[in-house]
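The values are calculated or read from the model by the stated rules, or taken from the named source; none is laboratory data. Everything numeric in this text was worked out from a predicted model, so none of it was measured. Positions of Cβ are backbone-derived with ideal geometry, glycine not excepted, and every protein chain shown enters the neighbour counts. For accessibility, only protein heavy atoms count, side chains too; no ligands or nucleic acids. Shrake-Rupley method; radii C 1.70, N 1.55, O 1.52, S 1.80 Å.
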Amino acid sequence: MMTYTHNIKVRYAETDAMQRAHHSNYLIWFEAARIGFLDQIGLPYQDIESRGLYIPVLSAEVEYLKPTSFNDNLSIQVALKEKPKVRLTFQYEIRNKHELIAQGSTQHVFIDKLNNVTRIPDFFSKKLAFEY
């Protein structure tokens with residue numbers, strides 16, 4: 001399993017009239033953590049795109065457990081729990097002061113510029129620290 005933790009502070013613009021973070025922001029926070037994960041393994045997303053590949057989202061799930069508010073400091077842990085073959089599944093946990101407030105997952109595939117699904121490229125697999 002590979003993990004990365006991304007930290008954010010809830011901005012006022014991300015809240016509603018009750019100063020609670022709007023539910024739509026959670027997927028944005030998932031993406032920020034996922035991009036940080038790619039940076040951590042040495043594959044910035046722009047490098048993947050420069051090779052003519054993209055990693056679109058196929059599905060996304062979020063379970064909202066507790067609210068979070070303006071100015072809260074959150075940590076988002078993203079995990080890739082198994083070596084992917086075609087689909088990648090990232091799992092997320094969002095915590096506020098170590099308290100789990102949301103969890104979820106996103107599923108992705110690699111596609112080329114013609115929108116054809118491709119296997120996980122070798123340059124990507126080589127960056128993953130899984131036992132073979």
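Is there a residue being part of a strand (DSSP E or B) and free of Cβ contacts under 8 Å to residues at least 24 places away in the same chain anywhere in segment 92-113?
yes
Could you check segment 84-132 and list, in sequence order, the residues that are open to solvent by 80 Å² or more (accessible area, probe 1.4 Å) and basic (Lys, Arg)?
Across segment 84-132, the qualifying residues are Lys85, Arg87, Lys97, Lys113, Arg119, Lys126, Lys127.
Residue check: is Ala79 closer than 18 Å to Met1 by Cβ, open to solvent by 30 Å² or more (accessible area, probe 1.4 Å) and touching a residue at least 60 places away in the same chain (Cβ under 8 Å)? Please lay out each step first, then the result.
Numbers: closer than 18 Å to Met1 by Cβ: yes; open to solvent by 30 Å² or more (accessible area, probe 1.4 Å): no; touching a residue at least 60 places away in the same chain (Cβ under 8 Å): yes.
Judged against the criteria, Ala79 is not a match.
Which pairs have Cβ atoms under 8 Å, sit 6 or more apart or on different chains, and link a residue in segment 20-42 that is touching a residue at least 40 places away in the same chain (Cβ under 8 Å) and more than 29 Å from Ser125 (Cβ to Cβ) to one that is open to solvent by less than 20 Å² (accessible area, probe 1.4 Å) and part of a helix (DSSP H, G or I)?
Note: pairs meeting the criteria are Ala21/Glu14.
Which pairs have Cβ atoms under 7 Å, sit 6 or more apart or on different chains, and link a residue in segment 62-75 that is of a type in the set (S, T, N, Q) to one that is open to solvent by 40 Å² or more (accessible area, probe 1.4 Å) and not in a strand (DSSP E or B)?
Cβ pairs passing all conditions: Ser69/Gln19.
Could you list, in sequence order, the residues of segment 73-132 that are among the β-branched types (Val, Ile, Thr), in contact with an Asp or Glu (Cβ under 8 Å, 6 or more places away or on another chain) and over 25 Å from Ser24 (Cβ atoms)?
The answer is Thr118, and nothing else.
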